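Below is one structure; the comments refer to it alone.
Read-outs throughout are calculated quantities, based only on the coordinates presented, and are distinct from any laboratory measurement. Computed from a prediction, not measured in an experiment: that's the story for all the values here. All Cβ positions, glycine included, derive from the backbone under ideal geometry; neighbour counts span all protein chains shown.
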Amino acid sequence: MTRHQDKKSREGIIEENLRRVYEEAMDEGVPDRFKSLLEQLKQQDSEQDSTR
C-alpha cells in the first residue's frame with residue numbers, strides 16, 4: 001500500500017466514525033430538562049411581550 005492509499009484509508013475510517021457518532025447524537029433527541037428550560041424561556045418572552 002502506498003502512502004497515498006494509506007492516508008486515504010485512514011481518512012475514510014475517520015469519516016465513517018464521525019458520521020456514526022453524529023448520527024447517534026442526532027438519534028438521542030433533546031433531553032427533557034433542556035425542553036423544560038426552553039419552555040420556561042418561551043413563557044418569559046411571551047410575558048414580556050404582553051407587558052409592552
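Using only Cα atoms and rounding to the nearest 10 degrees, what angle (0 to 90) does helix 3-28 make with the longest principal axis of the chain?
20
Given that just one value was derived from the coordinates, which of (i) 28, 23, 16; (ii) 70, 22, 9; (iii) 54, 19, 19 is Cα extents along the principal axes in Å?
Matching entry in (i) 28, 23, 16; (ii) 70, 22, 9; (iii) 54, 19, 19: (ii).
For the chain, what does the helix formula give at 222 nm: sum of -39500 (n - 2.57) over DSSP H segments with n ≥ 4, over the residue count, nearest 500 deg cm²/dmol?
-30500 deg cm²/dmol
Based on Cβ point charges of +1 for Lys and Arg and -1 for Asp and Glu, what charge dipole magnitude is obtained for segment 3-50 about its Cα centre, in debye rounded to the nearest 20? Don't skip to the answer; put the middle values down first.
Working: 9 positive and 13 negative charges, 103 e Å.
Using Cβ point charges on Lys, Arg, Asp and Glu, segment 3-50 gives about 500 debye.
Along the charge dipole of the chain, Cβ charges K/R +1 and D/E -1, which of GLN40, ILE14, HIS4 sits furthest on the positive end?
Going by the Cα projections, it comes out as HIS4.
What full-extension length gain, to one decimal in nm, is calculated for ILE14 and GLN48 as 0.36 nm per residue of separation minus the Cα-Cα distance?
That pair, ILE14 and GLN48, stretches by 7.5 nm at full extension.
Enter the angle in degrees (range 0 to 90, nearest 10) between the Cα long axis of helix 32-50 and the first principal axis of the Cα atoms of the chain, meaning the one along which they spread out most.
The angle comes out near 40 degrees.
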